[in-house]
Amino acid sequence: MLTTQYTTEILKELQRTAELISDNETEELVNGILEAKKVFVAGAGRSGFMGKSFAMRMMHMGLDPYVVGETVTPNLEQGDIFIIGSGSGETQSLVAMAEKAKNIGATLAAITIFPESTIGKLADITIQVPAQAKSGEDVGNKSIQPMGSLFEQSLLLIYDSVILRFMERKGMNSETMYGRHANLE
């Protein structure tokens, strides 16, 4: 298969996956973020990179987002929301963070392949992404891509779609957001 054919197949996989994601679940996330004092995001590996891009867009919107593990990240408090992107929902470092967030009284949101995972069960808001698991465990949505690529790509698209929903609800557009774009580049 040629590279462009792979690209076409990846886009088809993303379309199939997007059609299976619940609008109600994603709207709960939008509401949870809009009601929160501060927003925290975390993920391991590539899922973490998707979270960082989401935090950047939320900052462009004028929200108060933080990436867990960065040196400028403040303490999590009651009234905040903590969003974890984890395909398995079992990454031990993220499980520990989820447990701590629940003990603090923050809202916990999980975006995961497995809502019955440890993190999924702890979460107040859960978005299931029916993508192929890294382990190859069959969740009914096979991918030609390696490991967790379909989940990670879907995670980025969910995050970007949540941003579009914010923009709609807040009457914003790219021009209003661009005023917060980095200027020390």
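Quick one: 3J(HN,Hα) in Hz for region 113-120, Karplus 6.51/-1.76/1.60 with θ = phi - 60°, rounded, Gly and Pro as x.
Couplings: 6, 10, x, 8, 6, 4, 5, x Hz.
Which entries of LYS38/LYS100; LYS12/LYS52; LYS52/LYS100; LYS100/LYS170; LYS100/LYS142; LYS37/LYS102 show an alpha-carbon separation above 23 angstrom in the structure shown?
Exceeds cut-off: LYS12/LYS52; LYS100/LYS170; LYS100/LYS142.
Taking H as built 1.01 Å from N, whose amide H comes closer than 5 Å to the amide H of ILE83, not counting residues under 5 places away?
Here PHE40, VAL41, ALA42, ALA109 satisfy the definition.
Mean Kyte-Doolittle of at least -0.5 and a Cα length of 20 Å or more along the axis: which whole DSSP H helices of the chain meet both?
Result, helices passing both filters: 45-60, 149-170.
Starting from the Cα of HIS181, step 7 Å toward the Cβ, then list every residue of region 35-78 with an amide N under 18 Å from that point.
53-63
Rank-order 36-46, 11-21 by packing density, defined as the average count of other C-beta atoms within 10 Å over each peptide's residues, highest first.
36-46, 11-21
Using the charge dipole of region 3-178 (Lys, Arg: +1 at Cβ; Asp, Glu: -1 at Cβ; taken about the Cα centre), state which of GLY120, HIS60, ALA131 has its Cα farthest towards the positive end.
Toward the positive end, the furthest listed residue is HIS60.
Counting Lys +1, Arg +1, Asp -1, Glu -1, what net charge surrounds GLY43 among other residues with beta carbon under 11 Å of its beta carbon?
Local charge sum for GLY43: +1.
Once every DSSP H run of n ≥ 4 in the chain is given -39500 (n - 2.57) and the sum is divided by its residues, what mean residue ellipticity at 222 nm do you get, rounded to the nearest 500 deg cm²/dmol?
The helix-only estimate for the chain comes to -15500 deg cm²/dmol at 222 nm.
Given contacts defined as C-alpha pairs under 8 Å and at least six residues apart, what's the relative contact order of the chain, whole-number percent?
Value for the chain: 23 percent.
Since every read-out is calculated from the coordinates, none of them should be taken as a lab result. The structure displayed is predicted, hence computed values, not measured ones. Neighbour counts are summed over all protein chains in view; Cβ atoms, including those assigned to glycine, are modelled from backbone coordinates with ideal geometry.
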